[in-house]
């Protein structure tokens, strides 16, 4: 998929790993579980389902009808869709992005990965952040030595604080996993 993040499509793929569903059911689940990184519902959801079906990442498996309501097409994820989900999740977890919603979405759906895949992706992210922080600290020192007023470097300070907090959070996840406080159970529904 060439789309930058397509967080709606990513979420649809993840939810369909739990059970086959129709778009309205997916919509309700997204709202009920407060997947607030998704915007533009319900239209964005229906468009994502159409794209995923066209890309053969999901496939219709039947229809469902409740009472007098119209028939709803039920979809399930394909093997190619499962591969795409893991690839996209790992990508979002590994690479810091200014759009932090992408990371929040990936963390929200991280249970779709094996523990090894998640650890590897988070380790890569932590290494990238450590390098970014080193560069930012060097930049802050150079700016301070240049005599530039601190008011003009606040954006660097806030980014430094955000990346530092994110790195500490990642380390905390590893610590909780190592202590057995965070159990990785692929049978837990999202």
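Each value in this text was obtained by applying a stated rule to the coordinates, not by laboratory testing. For clarity, every value in this text was computed on a predicted model and none was experimentally measured. Counting neighbours? That spans all protein chains shown, and the Cβs are built from the backbone with ideal geometry, glycine included.
Highest mean first, how do 164-171, 109-116 rank when packing is the count of other Cβ atoms within 10 Å averaged over residues? Intermediate results must be reported in sequence, preceding the final value.
Numbers: 164-171: 13.9, 109-116: 17.9.
Descending mean neighbour count gives 109-116, 164-171.
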Handout entry: Principal-axis tilt of helix 43-54 within the chain, Cα atoms, nearest 10 degrees
Key = 70
Practice task
Mind ranking 66-75, 82-91, 123-132 by how tightly packed they are, going by the mean number of other C-beta atoms within 10 angstrom, highest first?
Solution key: 82-91, 123-132, 66-75
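Given Cα pairs under 8 Å that are at least 6 residues apart, what percent is the relative contact order of the chain? Could you put the intermediate results ahead of the total?
Values: 176 pairs, mean separation 38.3, N = 190.
It rounds to 20 percent for the chain.
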Handout entry: Label of the coordinate-derived value, log10 I(q)/I(0) by the Debye sum over Cα atoms at q = 0.09, 0.20 Å⁻¹, listed as (i) -0.42, -1.36; (ii) -0.46, -1.43; (iii) -0.30, -1.58
Key = (i)
Completion exercise
Computed over the Cα atoms of segment 7-107, the Rg and Dmax in Å are 13.7, 47
Fill in the blank from the handout: Quick note, segment 103-151: a/c under 1.5 would make it rounded; otherwise a/b > b/c is prolate and the rest oblate (a ≥ b ≥ c, C-alpha gyration tensor); here it is oblate
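Using only C-alpha positions, report the orientation-averaged shadow area of the convex hull of segment 114-178, nm², one decimal.
Working: hull surface 18.4 nm².
For segment 114-178, the mean projected area of the Cα convex hull comes to 4.6 nm².
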